[in-house]
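Presented below is the structure to which this report refers.
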Amino acid sequence: MKRSLLARLTGALALVSLALCLAAALLYFLGRIPEATYKLAFLLGSIGWFVLAIGRKLGGKAGGSLLLLVATSLILPAGCRRDAASPEETKMITVWQSSVELGDPHICSDSVNRLSLVFSVYEALVKRDAAGAYRPSLAERWSVDADARTWTFTLREGVRFHDGTSLGADDVVASLGRVLDPAIGGAFGTQGVYLSYLGDAEIAKVDDRTVRIVTAEPMADLLDLLVAMPVGPAGALDRLPGEYVGSGPYRISKRSARETVLEAFAGYWGEAPRFETVRWVAEESAAARADALLEGRADIVAGLEAEGRARIAGRPGVSLRDWKSGLCVIFMLDCSEGPCRDRRVRRALNYALDVPAIIDRVVPGAATPLNGYLTPLHFGYDPATPAYSHDPDKARRLLAEAGYPNGLKLVFDIPSVMPDEAPRLAAVMAEQLAGSGVSVEIVRHEDRAAYSEMVRSKDIHDACCFDSSPRSTFRVLREKIQSTLRGPWWQGYESEAVNALIAQAQATLDDGERQAVYRRIYALVRDDAPWIFLYRPTEFWGVGPALADWRPRSDGLLIF
Amino acid sequence: MSERITRLTAAMDRLYEYDREPVSPDKLQSGGKFAGLFAGEHVAATEFVIGAFFVLHGVGARDLVLGLLIGNLLAVLSWTFICAPIAVRTRLTLYWYLRKIAGPGVTLVYNVANALLYCVLAGAMISVSATAVGLLFGIPVPALGSVLPANVGWVLITLTLGAAFTAMAILGFSKLSRFAEVVSPWIFVVFVAGALAALPRLGVTPDLSNLWEVATTEIWNGVAAAGQEKFGFWHVLSFAWFCNLAMHVGLSDMALFRYARKWTYGFYSAFGMFPGHMLAWLASGVMVAAIGREMHPGLMAYEAVGVAGLAGVLFAGWTTANPTLYRAGLALQTVTPGWPRWKVTLVAGAATTVLAAFPVFFLKLLDYVAIYGLVLMPVGAIVFAEHWLFPLLKIEQYRAEKRGWTFNVTALAVWLGTLAAVFALPIHLYFRWLPGWGIAAGSYTLLMAVRRSR
């Protein structure tokens, strides 16, 4: 009888061990425990299961098994406590990335490195949540009139800037005014980008807590722009760049080209920042960044390359994190003149390429093929849109239909960096295109800034390697696709249907309906192929024990 | 020659003597026992590979979920309406029932074919375990599409594991079987926990609001890996259905269902199909997506579950290979009468170990599973026809037994003829078995009817 009770108890405890494994996974999924704790708990739960279950199967070992389980049970909570507590006890972390320059917070830039620092220090009227939806930030609430032009923002009360002043409508109007100042400049040809959207808009203070923006035309996606516009106190704006005063969770305590140190802002209105100090170190070499992590000099390193990932993978105490970015690596085709004016040639170029094979050769394991001009992080992306299949025969047929039965010669412009793999990428593409009768001459440009200017002035040859970085679908369309505006990166693509749908989308306030319109545009542009759609790169970070529970945000920014 | 065959078949009969008689009513088992049996058998090392391959073959999320739901349902129905009724009516194993229908010679051929197929499967399982052990020593897994071993380290690990697995199969098969019973539920937990832990890496938020979006864009996004054929709904449906073809339509699970009280116990196979061939496949898909779509079961499990995951892959491979090796040995023993069991298992283990060094068997597991089912399926069709169609058409049953035929040449010809026909069919490998089953059942019935009239 006694033995039977013991056997039952052993059986029940064995099941508890299995349940522990599952519970650990669930808690890790919910972000309640760090990865190391989850894996340790799983291991110990597994040991418990095996000891108890095998003991039961083999018989007569229940007592011994119980002892082992008790030992396990004692070890486990201790292990959990120690591991879980360590990140919380950490007061300072060190981040290594390729650059720690903030520059001017009001220029238009999609650099993740830069924006991580900018939005640790500053905030905008709105912010995105993990799913990409807009949430209140400095604006407590907002409304928009049915004309999709008049937006009214009510500011949050009790927000203080790092200099002690309080947030008011004047600060917002002044900050947005500075963003639109043509003198602010830009990065890699982005000067004047925001001005092209809001140059004719009225941005006015209604009262101390209310700001109204009236756009010249319907702009249902105005928040796409405002989310990237940091707000600072009006009185401190003329000291930019140089003195950074925001309302974000961290304030700058030290800054140089090599290092920027942020300290938690005690007066922050939101949830208190996790760390007292975040030290950012600039290191251009990806290998050196990986070394810093492995040697314990860094708690998190950004921009890992394959070599660094291989060294970090499997090493105790450090782990890898990845994030499929919202960046699209593409070749923009000159649709205004030359062979690529013909839609059939553009489609043929897409069919001629085997993108998964290109990824395997150029950025193995670090990119995902695109099925159009957006990534799944973008509003209006359509997963049902089929990617161009690799079909060299079809490519040849299309070229023949377009009047090139014997193939043709094209000239591709490429930069030496951004994307850094551009030279290898172009070489592999040229090799594959040759299989469909397309001979490619590659023109390499060493000066990246000048390259951007060349693209912006639409002086490219038949195609140019580029990346499309805005998270905003509206911006991608306006700046690269819509022909009525001839935006900075537009290369001659004309489609009245697409133009009309973009206008329709901007007049459509309902998110569901607007998404449907964007999906129609997505299918049309995919079919017209003004670009060669290649891939979205995956970003990799290495993290140490202090950030074992850290996971990338949906925008890839490092904000702690 | 005929004397040799008679000797071989007599030896084979002795080997299977213990299950010669129909199961008596007092030995029948409860439904719960069947549920447990299926739940334990269908969460194995193969699941780490199959689920991951669906991702690499570019199956879309909706196609996968629907294909698995319907395909697994069809598999359950196959067990319930094809395998279980015959088993319950005859209370015999396929071995003894086939002997009545096709004669001991055909049964011998069936056994040898089965043994060879088991060896390949066990080899693939050793390869899966090798991915876990290789990770500890930094040995790379052969690239997709590899046929030959790519490095010495891989060969050494597969040979070592093969030798260890074989030794353990020789020394303690029954203890290992009990160990497998312990491992099985834990492996299921490894799958579920691993997938759960991998989801955040793919961007799934704790409220699961973007789960479907991530599933359709990051996991089963419809993009096939380089060099991999694109699969869709029909491929998934068909694969899920035929994955255990030899067991249900091929009737080898008569050995289990002859212990069932009722034929409706076939429905208990759902306890194996939906957790194992649906949840575990989905889980391994999540895990492979989280490591960047690399066919590396060891890395998948390590990244998702840690050291316990490595043990999971090792144990899963081991506990799947162990009974497979044992069965291969048992089947081969029929052609090596007088050899002790250890010697036969050693030979089977040695062959398996050599096969394991060739990554093609594990990297082409899906195709191999299809071929495995195709090869044995005609036997099931022949038995089905003889059992159900012959009485309806008033064709005499069990003529091989009644007339003492060593070989029912019609059955053998139909089997081989069906294989020739299905391998010549100009359709995808995965879709060949269904017409093949019709060809086998139809032609066997027809030919045996003609043979009667003569």
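The values are calculated or read from the model by the stated rules, or taken from the named source; none is laboratory data. Source: prediction; values computed, not measured. Here the Cβ positions follow ideal geometry from the backbone for every residue, glycine too, while neighbour counts run over all protein chains shown. Remember, those area values only see protein heavy atoms, side chains included, never the ligands or the DNA or RNA. Shrake-Rupley method; radii C 1.70, N 1.55, O 1.52, S 1.80 Å.
Couple of notes before you dig in:
- In the stretch A:4-43, the residues that are charged (D, E, K, R) and in contact (Cβ under 8 Å) with a residue 24 or more places away in the chain: A:E35
- With a requirement of 2 or more residues that are among the basic types (K, R), the helices (runs of 4 or more DSSP H) lying completely within the stretch B:277-393 that satisfy it span B:341-356.
- Residues of the stretch A:347-389 satisfying the condition of being open to solvent by 20 Å² or more (accessible area, probe 1.4 Å), more than 9 Å from every other protein chain (Cβ to nearest Cβ) and either among the aromatic types (F, W, Y) or closer than 17 Å to B:V59 by Cα (or both): A:F379, A:D382, A:Y388
- Yes/no for A:L320 being in a strand (DSSP E or B) and either open to solvent by less than 10 Å² (accessible area, probe 1.4 Å) or more than 19 Å from B:G227 (Cβ to Cβ) (or both): yes
- Scan of the stretch A:301-317 for residues that are among the aliphatic types (A, V, I, L, M) and either modelled with pLDDT of 90 or more or not in a helix (DSSP H, G or I) (or both), ordered by number: A:V301, A:A302, A:L304, A:A313
- Among the residues of the stretch B:216-245, the ones that are β-branched (V, I, T) and either touching a strand residue (DSSP E or B) at 6+ places or on another chain (Cβ under 8 Å) or facing chain A (nearest Cβ under 7 Å) (or both) come to 3 in all.
- Output for the stretch A:33-49, where each listed residue is more than 9 Å from chain B (Cβ to nearest Cβ), within 9 Å of A:D549 (Cα to Cα) and not β-branched (V, I, T): A:P34
- Just one of the listed residues (A:R514, A:R520, A:R553) is in a loop (DSSP other than H, G, I, E, B) and either over 30 Å from A:I414 (Cα atoms) or more than 14 Å from chain B (Cβ to nearest Cβ) (or both), and it is A:R553.
- When the stretch B:134-153 is filtered for residues that are without any contact (Cβ under 8 Å) to a residue 24 or more places away in the chain and either within 25 Å of the chain's Cα centre (by Cα) or open to solvent by less than 10 Å² (accessible area, probe 1.4 Å) (or both), only B:A143 remains.
- Restricting attention to the stretch B:336-387 and to residues that are among the hydroxyl-bearing types (S, T, Y) and in contact (Cβ under 8 Å) with a residue 40 or more places away in the chain, the residue that is surrounded by the fewest Cβ atoms within 10 Å (Cβ to Cβ) turns out to be B:Y368.
- Selected residue (criterion: nearest to the other protein chains (Cβ to nearest Cβ)) from residues of the stretch A:8-25 that are touching a helix residue (DSSP H, G or I) at 6+ places or on another chain (Cβ under 6 Å), at pLDDT 90 or above and open to solvent by 10 Å² or more (accessible area, probe 1.4 Å): A:L22
Results for (1) without any contact (Cβ under 8 Å) to a residue 40 or more places away in the chain; (2) more than 9 Å from chain A (Cβ to nearest Cβ); (3) under 19 Å from B:I50 (Cβ atoms); (4) in a helix (DSSP H, G or I), shown as yes or no for each residue.
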| position | (1), (2), (3), (4) |
| --- | --- |
| B:V128 | no, yes, yes, yes |
| B:A132 | no, yes, yes, yes |
| B:V155 | no, yes, no, yes |
| B:L161 | no, yes, no, yes |
| B:I170 | no, yes, no, yes |
| B:F179 | no, no, no, yes |
| B:V183 | no, no, yes, yes |
| B:V190 | no, no, yes, yes |
| B:W212 | no, yes, no, yes |
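- Filter result (among the hydrophobic types (A, V, I, L, M, F, W, C) and either free of Cβ contacts under 8 Å to residues at least 12 places away in the same chain or in a helix (DSSP H, G or I) (or both)) within the stretch A:340-362: A:C340, A:V345, A:A348, A:L349, A:V355, A:A357, A:I358, A:I359, A:V362
- When residues of the stretch B:396-425 are limited to those that are among the polar types (S, T, N, Q) and in a helix (DSSP H, G or I), the one farthest from the chain's Cα centre (by Cα): B:T410
- Test: residue in the stretch A:411-433 that is within 14 Å of chain B (Cβ to nearest Cβ), under 28 Å from B:A289 (Cα atoms) and modelled with pLDDT of 90 or more: yes
- Within the stretch A:524-532, at least one residue is in contact with a helix residue (DSSP H, G or I) (Cβ under 6 Å, 6 or more places away or on another chain) and under 28 Å from A:G303 (Cα atoms).
- Any hit, the stretch A:237-246, residues being crowded, with 20+ Cβ neighbours inside 10 Å and over 23 Å from the mean Cα position of the chain (by Cα): yes
- A:I330, sole failed condition from (1) within 14 Å of another protein chain (Cβ to nearest Cβ); (2) outside any helix (DSSP H, G or I); (3) under 30 Å from A:D459 (Cα atoms): (1)
- Looking only at the stretch B:74-86, and only at residues there that are among the β-branched types (V, I, T) and open to solvent by less than 20 Å² (accessible area, probe 1.4 Å), the one that is farthest from B:P25 (Cα to Cα): B:V76
- Taken over the stretch B:388-420, the criterion of being of a type in the set (D, E, K, R) and either open to solvent by less than 30 Å² (accessible area, probe 1.4 Å) or in contact with a Pro (Cβ under 8 Å, 6 or more places away or on another chain) (or both) is satisfied by B:R399 alone.
- Unmet criterion (only one of (1) assigned to a helix (DSSP H, G or I); (2) open to solvent by 30 Å² or more (accessible area, probe 1.4 Å); (3) under 18 Å from A:V126 (Cβ atoms)) for A:D171: (2)
- Members of the stretch B:87-103 that are over 20 Å from the mean Cα position of the chain (by Cα), on the phi < 0 side of the Ramachandran plot and either of a type in the set (F, W, Y) or surrounded by fewer than 24 Cβ atoms within 10 Å (Cβ to Cβ) (or both): B:V88, B:R89, B:T90, B:L92, B:W96, B:Y97, B:K100
- Within the stretch A:296-319, residues that are of a type in the set (D, E) sit with their Cβ atoms under 6 Å from residues that are crowded, with 17+ Cβ neighbours inside 10 Å, at 6+ positions apart or across chains, in these pairs: A:D299/A:I93; A:D299/A:T94; A:D299/A:G544; A:D299/A:A546; A:D299/A:L547; A:E305/A:A286.
- Selection status of B:V147, away from every other protein chain (no Cβ under 14 Å), on the phi < 0 side of the Ramachandran plot, modelled with pLDDT under 90 and not in a helix (DSSP H, G or I): yes
- Test result for A:A298, crowded, with 21+ Cβ neighbours inside 10 Å, away from chain B (no Cβ under 14 Å), modelled with pLDDT of 90 or more and farther than 26 Å from A:Y381 by Cβ: yes
- Subset of the stretch A:440-495 (residues that are surrounded by 23 or more Cβ atoms within 10 Å (Cβ to Cβ), assigned to a loop (DSSP other than H, G, I, E, B) and of a type in the set (S, T, Y)): A:Y493
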